[in-house]
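The values are calculated or read from the model by the stated rules, or taken from the named source; none is laboratory data. This structure is a prediction, so every number in the text was calculated from the model and none was measured. Please note: Cβ atoms are built from the backbone with ideal geometry, for glycine as well, and neighbour counts cover all protein chains shown. Surface areas here come from the heavy atoms of the whole protein model, side chains and all, with no ligands, DNA or RNA. Shrake-Rupley method; radii C 1.70, N 1.55, O 1.52, S 1.80 Å.
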Amino acid sequence: MPTRRRALLILAALAGLSLLSIAAALAVGSVAIGPVEVLSTLFGGAGGTAGDVVRSLRLPRALTGFACGGLLALAGALLQVLLRNPLADPYVLGISGGAGIGALLAIVLGLGVVGINGLAFAGALGAMLLVFGLAHGDGGWTQSRLLLTGVIVAAGCGAVVTLLLAIAPEDRLRGMLFWLMGDLSQTAAPQLVLILLALLLLVALPFARELNLLARGADLAQALGVAVRPVRGGVYVVASLATAAAVTHAGAIGFIGLIVPHLVRLATGNDQRLLLPASVLGGGSLLVIADTLARTVLAPQQLPVGVLTALIGVPVFLFLLSRAAPGRR
């Protein structure tokens with residue numbers, strides 16, 4: 001278990017990284033804005049082009065990216081406890097597939113941003129309920145049953161997504177593909193997703209002790225007084241809502257929920273009291289940095305942020321897999 005002082009130092013360092021990543025996102029882009037000008041825009045109310053760019057475009061996008069990255073990392077950390085697999089991913093249970101169906105259907109129908117977000121969230125919740133309902137048999141559900149059900153539902157959602165891409169009008173294909181690869185360019189109001197991130201983290205943290213015991217096995221946790229079935233159900237609901245909210249606002253962005261909790265666990269240990277908030281800060285920072293790179297690498301053209309997270313996540317995943325493999329022999 002980490003000491004209180006060490007835990008505070010780790011959280012302070014990650015909070016500093018979060019602030020630096022957001023500051024870089026506000027200053028860097030096709031229009032470069034100096035640090036002094038950024039500060040005067042935020043706190044002094046300076047107007048002009050710099051004020052419009054920072055307050056109306058970059059700040060909402062950076063805050064939404066931070067919140068979505070934090071939600072994905074929180075979901076990944078919780079699912080890795082739920083499935084007792086350090087390489088589990090928020091997308092493994094088919095939640096993003098359901099959101100993808102809803103969002104692409106809205107784009108095909110010509111709905112606006114509100115319609116896309118609404119149908120994406122509805123699709124994610126529908127997939128969550130479908131997986132949970134199918135996996136819950138007479139004797140409850142187990143990790144393997146939940147995982148297999150999620151994989152099957154995700155495969156079915158992928159087939160429907162492919163069908164929607166095949167029948168979509170050509171003038172809407174680009175927007176659909178950008179959403180599938182992750183896109184923060186349409187974000188405008190980060191307040192809701194930031195509030196949801198804070199609420200879900202506050203809901204999860206009081207159960208850190210139960211999660212620590214559950215990570216060691218359901219039988220041991222139950223013997224020590226943990227109500228295993230309600231805790232598992234709560235973990236699944238919180239992780240699913242976090243994934244649904246992130247996918248709704250940012251599209252299908254992969255690897256954040258996979259690599260961030262695992263890297264944080266390697267650095268800090270497996271105490272959920274530290275792991276959960278540290279994963280939120282690390283995931284938020286990583287997505288903000290990736291989105292900043294996506295905006296600037298080929299500026300003024302923007303890349304889908306999911307491409308950058310995949311380019312970062314694939315080598316890290318292979319490295320983690322190579323470290324995990326000898327221990328499983």
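Projecting label points 7 angstrom from Cα along Cα→Cβ for residue 185 and residue 311 puts them 1.6 nm apart. Taking amide H atoms as placed 1.01 Å from N in the peptide plane, the amide H of residue 136 has no partner under 5 Å among residues 5 or more positions away or on other chains. Along the stretch 119-134 the Karplus relation, 6.51 cos²θ - 1.76 cosθ + 1.60 evaluated at θ = phi - 60°, assigns HN-Hα couplings of 5, 5, 5, 4, x, 5, 5, x, 5, 4, 5, 5, 5, 5, x, 6 Hz to successive residues, with x for each Gly and Pro.
Mind ranking 219-230, 91-102 by how tightly packed they are, going by the mean number of other C-beta atoms within 10 angstrom, highest first?
In descending order of packing, they fall as 91-102, 219-230.
A full extension of the chain between residue 39 and residue 266 corresponds to an added length of 78.2 nm, given 0.36 nm per residue minus the alpha carbon distance.
Dipole magnitude for the stretch 4-323: about 780 debye, using +1 per Lys or Arg Cβ and -1 per Asp or Glu Cβ, origin at the Cα centre. A Förster distance of 45 Å, applied to the separation of the beta-carbon atoms of residue 322 and residue 31, puts the FRET efficiency at 0.60. Ligands, DNA and RNA aside, residue 273 has an accessible area near 140 Å² when probed at 1.4 Å. In terms of its alpha-carbon gyration tensor, the stretch 4-323 comes out oblate; a/c meets the 1.5 threshold, while b/c is at least as large as a/b.
Rounded to the nearest 500 deg cm²/dmol, what is the calculated helix-only ellipticity per residue at 222 nm for the chain, with -39500 (n - 2.57) per DSSP H run of length n ≥ 4? Please report the intermediate quantities before stating the final value.
Details: 15 runs with 244 residues, N = 329.
It comes out at -24500 deg cm²/dmol, rounded to the nearest 500.
Here the scattering of the stretch 118-268 is modelled by Debye summation over its C-alpha atoms, one equal scatterer each and no solvent; at q = 0.17 Å⁻¹ the log10 of I(q)/I(0) is -1.21. Label 7 Å along Cα→Cβ of residue 49; the stretch 2-25 residues with amide nitrogen under 13 Å? Answer for the stretch 2-25: none. On full extension, the segment bounded by residue 5 and residue 159 gains 50.5 nm, given 0.36 nm per residue less the C-alpha separation.
Taking all protein chains into account, the per residue accessible area for the stretch 4-323 stands at 44 Å² (1.4 Å probe). Descending by average beta-carbon neighbour count within 10 Å, the peptides 150-158, 69-77 line up as 69-77, 150-158, the highest first.
Over the stretch 1-77, the Kirkwood radius and the radius of gyration, each from Cα atoms, give a ratio Rg/Rh of 1.10. Accessible area per residue was computed with a 1.4 Å probe on protein heavy atoms; residue 142 scores about 60 Å².
For an R0 of 35 angstrom, estimate the FRET efficiency from the Cβ-Cβ distance between residue 202 and residue 167 and round to the nearest 0.05.
Details: r = 43 Å, r/R0 = 1.22.
Computed FRET efficiency for residue 202 and residue 167: 0.25.
Considering only 211, 95, 117, and ranking their Cα positions along the charge dipole of the stretch 4-323 that arises from unit charges at the beta-carbon of Lys, Arg, Asp and Glu, the one farthest toward the positive end is 211.
Per-residue counts of other Cβ atoms within 10 Å, averaged by peptide: what ranking do you get for 19-32, 302-315, highest first?
Ranking, from highest mean packing down: 302-315, 19-32.
Between residue 23 and residue 229, the C-beta separation translates, for a Förster distance of 30 Å, into a calculated FRET efficiency of about 0.10. Placing unit charges on the Cβ atoms of the charged side chains and taking the dipole of the stretch 127-262 about its Cα centre, the candidate lying farthest along the positive direction among 185, 222, 197 is 222. Here the stretch 242-279 is scanned for amide nitrogen atoms under 16 Å from the site 7 Å beyond the Cα of residue 298 along Cα-to-Cβ, giving none.
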